[in-house]
Ligand SMILES: Cc1cc2nc3c(=O)[nH]c(=O)nc-3n(C[C@H](O)[C@H](O)[C@H](O)COP(=O)(O)O)c2cc1C
């Protein structure tokens, strides 16, 4: 599996950076070849075609998903490139999970019609460095990805 983690954060070395590295580490332990890239709102996302799985996420600042990731989904070719792709979403935020699922997750999902969302997870601040929670998220993604591969294999 070739996977890329697309993310954004205002902080260097903050909770999102650490979370992204931990997700990458857990996925690499499963044998995946993992890369990461910070989103740019005006970026060229043609490289996405090289990847079997795209994990995408960011923190929330002032009620909005971090702007370079949200901007990329709205302004660039990223949404189009993600059509028919296996993707997984995550957020890092301080709000309670039900609020995050209602207010923040849809900011990404509304721009992802036509993608296969295998898993989505809201990480509370303490969870961004909890390897057990991060491992569960990666396990869910990997299990769903395998199932999807089997389904596609049966179709071929
Ligand atoms: C300036 C600022 C604004 C924030 N606004 C929100 C918010 O509106 N809703 C929320 O759930 N969390 C909010 N948070 C919490 C962050 O989303 C959370 O701490 C996240 O893990 C920060 O990621 P980072 O360390 O990569 O910057 C805010 C944090 C900061 C510093």
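The values are calculated or read from the model by the stated rules, or taken from the named source; none is laboratory data. Predicted, not measured: the structure shown is a model, and the values here were computed from it. Cβ: placed from backbone, ideal geometry, glycine included. Neighbour counts: every protein chain shown.
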Is at least one residue of segment 140-148 in contact (Cβ under 8 Å) with a residue 24 or more places away in the chain, within 16 Å of the ligand (Cβ to nearest atom) and within 15 Å of the chain's Cα centre (by Cα)? no
Suppose the filter is at negative phi, in contact (Cβ under 8 Å) with a residue 12 or more places away in the chain, within 16 Å of the ligand (Cβ to nearest atom) and touching a strand residue (DSSP E or B) at 6+ places or on another chain (Cβ under 9 Å); does residue 124 pass it? yes
Could you tell me which residue of segment 1-11 is farthest from the chain's Cα centre (by Cα), considering only residues that are surrounded by 18 or more Cβ atoms within 10 Å (Cβ to Cβ) and not in a loop (DSSP other than H, G, I, E, B)? 3
Please verify whether residue 136 is surrounded by fewer than 21 Cβ atoms within 10 Å (Cβ to Cβ), modelled with pLDDT of 95 or more, within 16 Å of residue 19 (Cβ to Cβ) and in contact with a helix residue (DSSP H, G or I) (Cβ under 8 Å, 6 or more places away or on another chain), treating the condition exactly as stated. no
Segment 33-56: number of residues that are surrounded by 19 or more Cβ atoms within 10 Å (Cβ to Cβ) and either on the phi > 0 side of the Ramachandran plot or more than 16 Å from the ligand (Cβ to nearest atom) (or both): 5
Might you let me know whether segment 13-21 holds any residue that is free of Cβ contacts under 8 Å to residues at least 12 places away in the same chain and on the phi > 0 side of the Ramachandran plot? yes
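Yes/no matrix, rows are residues, columns are (1) over 13 Å from the mean Cα position of the chain (by Cα); (2) buried (at least 16 other Cβ atoms within 10 Å of the Cβ); (3) within 16 Å of the ligand (Cβ to nearest atom):
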site: 59; (1), (2), (3): no, yes, yes
site: 70; (1), (2), (3): no, yes, yes
site: 91; (1), (2), (3): no, yes, yes
site: 104; (1), (2), (3): yes, yes, yes
site: 112; (1), (2), (3): no, yes, no
It is to be established whether one or more residues within segment 122-133 are farther than 22 Å from residue 26 by Cβ, modelled with pLDDT of 95 or more, surrounded by 14 or more Cβ atoms within 10 Å (Cβ to Cβ) and in contact with a helix residue (DSSP H, G or I) (Cβ under 9 Å, 6 or more places away or on another chain). no
Take the residues of segment 17-32 that are crowded, with 17+ Cβ neighbours inside 10 Å and away from the ligand (no atom under 16 Å from the Cβ): which is farthest from residue 140 (Cα to Cα)? 32
